[in-house]
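Just below is one structure, and these are the notes that go with it.
The values are calculated or read from the model by the stated rules, or taken from the named source; none is laboratory data. Worth saying up front: this structure is predicted, and the values here are computed from it rather than measured. Heads up, the Cβs are rebuilt from the backbone with ideal geometry, glycines too, and the neighbour counts pull from every protein chain shown. Calculation scope for accessible area: heavy atoms of the full protein, side chains included, ligands and nucleic acids excluded. Shrake-Rupley method; radii C 1.70, N 1.55, O 1.52, S 1.80 Å.
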Amino acid sequence: MAKQSLFKEFFAFIKHEKKWWMIPLVTVLLLVGGLILFSSTSPLAPFIYPLF
């Protein structure tokens, strides 16, 4: 059995289980996580904090 990537496995699960509502949820969570990570390591952090 070949190893699948997490990305492929996630979309196979969504396709099989018909849980299409999870795509926007995961996308928003990844974007918010990226924004938090970027705001903590960037010199632009003081300008991002007012967004929260």
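For this structure, a couple of remarks:
- Heavy-atom accessible surface of the chain, averaged per residue, reaches 93 Å², computed with a 1.4 Å probe.
- With the simple model of a label 7 Å out from the Cα in the direction of the Cβ, ALA45 to LYS15 spans 4.1 nm.
- Compactness index (Cα Rg / 2.2 N^0.38 Å), the chain: 1.61
- In the chain, helical runs assigned H by DSSP with n ≥ 4 each contribute -39500 (n - 2.57); averaged across all residues and rounded to the nearest 500, the mean residue ellipticity at 222 nm is -21500 deg cm²/dmol.
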